[in-house]
Amino acid sequence: MVWMVLSDMAGSRVGFPYTSLPRIEDSQLRANLRSATTAIREKRGRVVAEKDDWEELRLKGEQIRAEVLNNLDSYLVKLEASVENVGGVVHWAGDAGEANEIVLSLVRQHGESEVVKVKSLTTDEMGLNEYLSQGGVMAYETDLAELIVQLAHDKPSHILVPAIHMNRSEIRDLFQGTISKGTALSDDPTVLAEASRLYLRQKFLSAKIAISGVNFAVAETGTICVVESEGNGRMCLTLPKVLISVMGIEKIIPTLDDLAVFLELLPRSSTGERMNPYTSLWSGVHKGDGPEEFHLVIMDNRRSAVLADPVGRQTLQCIRCSACLNVCPVYERSGGHAYDSVYPGPIGAILSPQLFGTESSKSLPWASTLCGACYEVCPVRINIPQVLVHLREKVLTEGHRSSSERFQFAILSAVLSSGSRFDLALRTISRLRFLINRFLAFGSLPGVAGKWTVARELPEIPKESFRVWWRRSRGQ
Amino acid sequence: MANNHLRSDQPSRTKILNLVRSGLLNKAMDPGSSMAGVATRGAPGTPLWIAGHDLETVDLFEEVLKDYKARVLRVDIEGIPAAVAEVISSCHIKSLVVPSGLDRTWYEGVGQVQLVVDDGSGPAVGFEKIDGVITGCSCAIAETGTLVLSGRPDEGRRAITLLPDFHICIVKTEAIIRGVSELFSRIGVSNPVTLISGPSATSDIELKRVEGVHGPRNLIVVIAT
Ligand code: SF4
């Protein structure tokens, strides 16, 4: 069955089977990933077990998010009115390009060439940092892991711990070559965190403009919520004069009491904490406390198309907790970079193809064993396996079947639809087993079939098939 | 600012809302019944934390705080000034900022300390040079060990609890609720709200927890009955 994707990708060599290959062969990366995901999984398990109403909370989470999505137009209008009512300015962006333009022009209006940033997947999706830098504006990431990734000119590999693929000595070397030039650092994480504190403090105190994402936007009150651990978020949200927050159209929560549900679901699912160290809530501008100007950029960027798909819609319930990454056997072995998208792991496998529709993202619905572990942990009960299967079907029916693939399926259906033909096929394979096993010993089958074995192991072909053995040993 | 920014200037607003509306003509697979206001406020005192079921709310709060590596002191209301003085001297705090609405008797006896009383006027500069801050607390959540600051006069503006390295927070027992679901029955959001659960922390390097990155690296909670 996997052949269909492989033949689909024939010639282009793009997509998950190829991007994951070097990662799977990197044993250091696999070890880092395994210990990291195991640690977060265990922490999550402990704090979730403390809540005897956890399943009830998940149900509420799902219902609240579904309610918002099913009535998104009215919630968007309501949010806009509430934010304006408390002194914020609302901007609408149809796509990433427009959102980038809005942010850059706001920065230019204030004559600034530097901004500080709070970690935000939405702005990563937009490619905001690159866009700003082309426009002559330097965006400083202030989350420790994002800073590490930015300094290393690398890409995040996990939603929550973007530098999960780097170990402490790699980070020490990086800091010594960049923000702590001329200082001898040890590889103790405490020392490394201190180095970033010193470097960023000056930036926080001098920055005039901050850019953040949005975890939740409360329609009823126009309140924006950002959760974080380090305090860099609080710095950005409190000290600069101008605050620009960017959100996807789906990030709305109806009321404050609904928000409370997510303040329970998110930290326990995400970092495995009862509560993350800092949560900031603000409603527009507050005289004498924090920014004097607040801009909220609401971006679609194909989310409305995801909304229109009856099965795919639930993808937008996601609160970006990353619990699904940490339980995924595919993610644990391939890491975030293999997904070649801002959104990795199971959520990435369903979100990326719907949002971006690129050639490489079309292979992602197959980057799963459909084991369902992601569905079990998802705090808003997104049925990820269901969406994966739905997207596989979509990719294949939207004209992505090559003629060689149709040929393969014609043969397959001819063989499988007749007992005697199936029997013959098994016998033939058994007879050819010396040849096949010889190829396998070299690591790969020849020709088209070799694409299947490129990332998989085929078991040795036995001398006789089960059917033959059964008949022989029963004396029939 | 909002005046020269008209909705009609934004063709994308109409475009997005139209796309959303036409997308919603396709009904979601499980037709979700309208569930507005699904969340309900938990009944105060409902035991939720399995491991802490048998603990009184205040004791649970203390346990969870200690788990975060916060320092916790339990005193009577009359014992607050002495507890504050003890913390100031044992932490070698030489300069202090307090919000103007904080009970003065709590910090008047702290001795030789440079004191700034902030009434929220003027720019938020210079707080980074101050060692510590003392605040009250509108509400605290036992199950999660969370301090909730909501800009009341005894809590002050956000910058004062952000830049100094020591945060001493005085929590009266009547401010402590059991779980997060009760939160918004206690506080409003007309001022900025900050939820603080333990000192600032990062686990970004090999998932090893490091206490203290940008916010105060030391959190001292005085629980007063
Ligand atoms: S899909 Fe669910 S588990 Fe995965 S990040 Fe989103 S909310 Fe979390």
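Show the residue pairs that are 6+ apart or on different chains and have beta-carbon atoms under 7 Å apart, the first residue being within the range A:39-50 and assigned to a helix (DSSP H, G or I), the second being among the charged types (D, E, K, R).
Going by the 7 Å Cβ cut-off, the qualifying pairs are A:44/A:268; A:47/A:268; A:47/A:273; A:47/A:274; A:48/A:268.
Within the range A:272-291, work out how many residues are more than 7 Å from every other protein chain (Cβ to nearest Cβ) and not hydrophobic (A, V, I, L, M, F, W, C). Outline the logic, then answer.
Just the residues of the range A:272-291 that are more than 7 Å from every other protein chain (Cβ to nearest Cβ), to begin with: A:272-273, A:284-285, A:287, A:291.
From what is left, the residues that are not hydrophobic (A, V, I, L, M, F, W, C) are A:272-273, A:284, A:287, A:291.
Qualifying residue count for the region: 5.
Over 28 Å from residue A:220 (Cβ atoms), among the charged types (D, E, K, R), within 13 Å of another protein chain (Cβ to nearest Cβ) and out of contact with any helix residue (DSSP H, G or I) (no Cβ under 9 Å at 6 or more places or on another chain) - does that describe any residue in the range A:45-56?
So far as the range A:45-56 goes, yes, one or more of its residues are over 28 Å from residue A:220 (Cβ atoms), among the charged types (D, E, K, R), within 13 Å of another protein chain (Cβ to nearest Cβ) and out of contact with any helix residue (DSSP H, G or I) (no Cβ under 9 Å at 6 or more places or on another chain).
Among the residues of the range A:175-194, are any closer than 20 Å to residue B:124 by Cα, modelled with pLDDT of 90 or more, in contact with a helix residue (DSSP H, G or I) (Cβ under 9 Å, 6 or more places away or on another chain) and crowded, with 19+ Cβ neighbours inside 10 Å? Before the answer, list the steps.
Initially, the range A:175-194 is screened for residues closer than 20 Å to residue B:124 by Cα, giving none.
Among the residues of the range A:175-194, not one is closer than 20 Å to residue B:124 by Cα, modelled with pLDDT of 90 or more, in contact with a helix residue (DSSP H, G or I) (Cβ under 9 Å, 6 or more places away or on another chain) and crowded, with 19+ Cβ neighbours inside 10 Å, which makes the answer no.
Which ones in the range A:14-25 are on the phi < 0 side of the Ramachandran plot and buried (at least 16 other Cβ atoms within 10 Å of the Cβ)?
Taking the range A:14-25 first, the residues on the phi < 0 side of the Ramachandran plot are A:14, A:16-25.
Passing the criteria: A:14, A:16, A:17, A:18, A:19, A:20, A:23.
Conditions: (1) at pLDDT 95 or above; (2) crowded, with 22+ Cβ neighbours inside 10 Å. Residue A:33 meets all but one. Number of the miss?
(1)
Go through the range A:358-399 and count every residue that is away from the ligand (no atom under 13 Å from the Cβ), in a loop (DSSP other than H, G, I, E, B) and touching a residue at least 24 places away in the same chain (Cβ under 8 Å).
First pass over the range A:358-399, keeping only residues away from the ligand (no atom under 13 Å from the Cβ): A:358-367, A:369-371, A:389-399.
From what's left, in a loop (DSSP other than H, G, I, E, B): A:358-359, A:367, A:369-371, A:398-399.
Subsequent filtering for residues that are touching a residue at least 24 places away in the same chain (Cβ under 8 Å) retains A:359, A:367, A:369, A:371.
Counting residues in the range A:358-399 that are away from the ligand (no atom under 13 Å from the Cβ), in a loop (DSSP other than H, G, I, E, B) and touching a residue at least 24 places away in the same chain (Cβ under 8 Å) gives 4.
May I ask you to verify whether residue A:264 is farther than 27 Å from residue A:91 by Cβ, within 16 Å of the ligand (Cβ to nearest atom), surrounded by fewer than 24 Cβ atoms within 10 Å (Cβ to Cβ) and in contact (Cβ under 8 Å) with a residue 24 or more places away in the chain?
Working: farther than 27 Å from residue A:91 by Cβ: yes; within 16 Å of the ligand (Cβ to nearest atom): yes; surrounded by fewer than 24 Cβ atoms within 10 Å (Cβ to Cβ): no; in contact (Cβ under 8 Å) with a residue 24 or more places away in the chain: yes.
Considered against the rule, which asks whether it is farther than 27 Å from residue A:91 by Cβ, within 16 Å of the ligand (Cβ to nearest atom), surrounded by fewer than 24 Cβ atoms within 10 Å (Cβ to Cβ) and in contact (Cβ under 8 Å) with a residue 24 or more places away in the chain, residue A:264 comes out as no.
Could you check residue B:165 against (1) out of contact with any helix residue (DSSP H, G or I) (no Cβ under 6 Å at 6 or more places or on another chain); (2) in contact (Cβ under 8 Å) with a residue 60 or more places away in the chain; (3) more than 9 Å from chain A (Cβ to nearest Cβ) and say which number it fails?
Against the list (1) out of contact with any helix residue (DSSP H, G or I) (no Cβ under 6 Å at 6 or more places or on another chain); (2) in contact (Cβ under 8 Å) with a residue 60 or more places away in the chain; (3) more than 9 Å from chain A (Cβ to nearest Cβ), residue B:165 comes up short only on (2).
For residue A:353, are the conditions met, namely being at pLDDT 90 or above and within 14 Å of the ligand (Cβ to nearest atom)? Full working, then the answer.
Working: at pLDDT 90 or above: yes; within 14 Å of the ligand (Cβ to nearest atom): no.
Against the criterion (at pLDDT 90 or above and within 14 Å of the ligand (Cβ to nearest atom)), residue A:353 does not qualify.
For residue A:218, only one of the following conditions fails: (1) under 30 Å from residue A:356 (Cβ atoms); (2) more than 9 Å from every other protein chain (Cβ to nearest Cβ); (3) of a type in the set (Val, Ile, Thr); (4) away from the ligand (no atom under 16 Å from the Cβ). What is its number?
(2)
With respect to residue A:187, determine if the residue is closer than 29 Å to residue A:313 by Cβ, among the charged types (D, E, K, R) and away from the ligand (no atom under 16 Å from the Cβ). Break it down into steps so the answer makes sense when it comes.
Details: closer than 29 Å to residue A:313 by Cβ: no; among the charged types (D, E, K, R): yes; away from the ligand (no atom under 16 Å from the Cβ): yes.
Against the criterion (closer than 29 Å to residue A:313 by Cβ, among the charged types (D, E, K, R) and away from the ligand (no atom under 16 Å from the Cβ)), residue A:187 does not qualify.
Which condition breaks for residue A:241 when tested against (1) out of contact with any Ser or Thr (no Cβ under 9 Å at 6 or more places or on another chain); (2) within 9 Å of chain B (Cβ to nearest Cβ); (3) more than 22 Å from residue A:79 (Cβ to Cβ)?
The failed condition is (2).
So, in the range A:51-80, exactly how many residues are touching a residue at least 12 places away in the same chain (Cβ under 8 Å) and acidic (Asp, Glu)?
Count: 3.
Which of the following residues is at the interface with chain A (Cβ under 10 Å from one of its Cβ atoms) and closer than 30 Å to residue A:51 by Cβ: B:135, B:146? Give the steps one after another, and end with the answer.
Values: B:135 fails: at the interface with chain A (Cβ under 10 Å from one of its Cβ atoms).
So the residue among B:135, B:146 that is at the interface with chain A (Cβ under 10 Å from one of its Cβ atoms) and closer than 30 Å to residue A:51 by Cβ is B:146.
The values are calculated or read from the model by the stated rules, or taken from the named source; none is laboratory data. Since the model is a prediction, treat every value here as computed from it, not as a measurement. Glycine gets a Cβ as well: all are built from the backbone with ideal geometry, and neighbour counts include every protein chain shown.
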